[in-house]
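Dropping the structure in here first, questions after.
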């Protein structure tokens, strides 16, 4: 089961902080992060990369971005 971070409606840096917290909690695996603006999408991707996580996919649904982050 994939871990999820629902950061819709939150402004930066909150989506990044929630994502970093989940990354620290699980260590490795996959996380789906849901954000509702481009800035949060970019910031989460940058923060994930700095922690050794890779954004493997981005899916846009209406006004939301579903990011899949992975670290093995």
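Each reported figure results from applying straightforward, stated rules to the coordinates on display, with no laboratory input. Quick caveat: nothing in here was measured; it's all calculated off a predicted structure. Don't worry about glycine lacking a Cβ; one is built from the backbone with ideal geometry, like all the others, and counts go over all protein chains shown.
Here are some residues: 46, 41. Which one is part of a helix (DSSP H, G or I), exposed (fewer than 14 other Cβ atoms within 10 Å of the Cβ) and under 12 Å from the mean Cα position of the chain (by Cα)?
46
Quick check, is residue 30 more than 9 Å from the chain's Cα centre (by Cα) and in a helix (DSSP H, G or I)?
So residue 30 does not fit the description; no.
Looking at the range 44-70, which of its residues are touching a strand residue (DSSP E or B) at 6+ places or on another chain (Cβ under 7 Å) and within 17 Å of residue 26 (Cβ to Cβ)?
Of everything in the range 44-70, those that are touching a strand residue (DSSP E or B) at 6+ places or on another chain (Cβ under 7 Å) and within 17 Å of residue 26 (Cβ to Cβ) turn out to be 44, 48, 52, 53, 54, 55, 56, 67, 68, 69, 70.
Further, regarding this structure: Among the residues in the range 4-21, are any assigned to a strand (DSSP E or B) and closer than 13 Å to residue 69 by Cα?
So far as the range 4-21 goes, yes, one or more of its residues are assigned to a strand (DSSP E or B) and closer than 13 Å to residue 69 by Cα.
Starting from residues that are more than 10 Å from residue 44 (Cβ to Cβ) and within 10 Å of the chain's Cα centre (by Cα), keep the ones in the range 18-27 and report whichever is surrounded by the fewest Cβ atoms within 10 Å (Cβ to Cβ).
Ranking the candidates gives 22 first.
Out of all the residues in the range 49-72, which are free of Cβ contacts under 8 Å to residues at least 40 places away in the same chain and part of a strand (DSSP E or B)?
The initial filter retains those residues of the range 49-72 that are free of Cβ contacts under 8 Å to residues at least 40 places away in the same chain, namely 49-63, 65-67.
Residues satisfying the conditions are 54, 55, 56, 57, 58, 59, 60, 61, 65, 66, 67.
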